[in-house]
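The values are calculated or read from the model by the stated rules, or taken from the named source; none is laboratory data. What you see is a predicted model; the values in this text were computed from it and never measured. Methodologically, a virtual Cβ is constructed for each residue, glycine included, from the backbone with ideal geometry; neighbour enumeration extends over all protein chains shown. Side chains included, ligands, DNA and RNA excluded: accessible areas come from the protein's heavy atoms. Shrake-Rupley method; radii C 1.70, N 1.55, O 1.52, S 1.80 Å.
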Amino acid sequence: MRSSFPRAMIPLDWGFVDRKAWDPQWEHVLIFLAGNLDAMGVARLLELLADEDKDDLLRHRLALAVCCLPEIAEPARSCNEPTINQICNRVVN
């Protein structure tokens, strides 16, 4: 069931999100966040998580980005299709 909160009405501290991407206790929070962002917020979150320069050898952040994908609602999904495809291709290759 999707949240009834208006999308992207709360300003986000992306530095905080970036730091919490490493914390396993925040994984579900970030996945939930992905489902409640507008298209621009989803783009920012996916770019933040899929940044190869910030990821580790085991690609923890990329894996978290993949976990966020099923939660992304339309039209944010279609607006971010190139980024989503890029993330999926990186996982497969």
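The candidate values are (i) 16, 54, 27, 2; (ii) 15, 39, 30, 14, 3, 0; (iii) 16, 45, 28, 10, 0; the one derived from this structure for P(r) over Cα pairs in 10 Å bins from 0, in percent carries the label (i). Accessible surface calculations at 1.4 Å, restricted to protein heavy atoms, place the range 26-91 at 55 Å² per residue. Here the Karplus curve 6.51 cos²θ - 1.76 cosθ + 1.60, taken at θ = phi - 60°, turns the phi angles of the range 64-71 into couplings of 5, 4, 5, 5, 6, 4, x, 7 Hz, with x standing for Gly and Pro.
Based on the Cβ-Cβ distance from HIS28 to ASN93, what FRET efficiency comes out when R0 is 41 Å, to the nearest 0.05?
Plugging the Cβ-Cβ distance into 1/(1 + (r/R0)^6) gives 0.90.
For the chain, with all protein chains present and a 1.4 Å probe, just round the carbon and sulfur fraction of the accessible area to a whole percent.
Values: 3600 of 6060 Å².
The computed percentage sits at 59.
Between ALA63 and ARG77, the simple label model (points 7 Å from Cα in the Cβ direction) yields a spacing of 2.4 nm.
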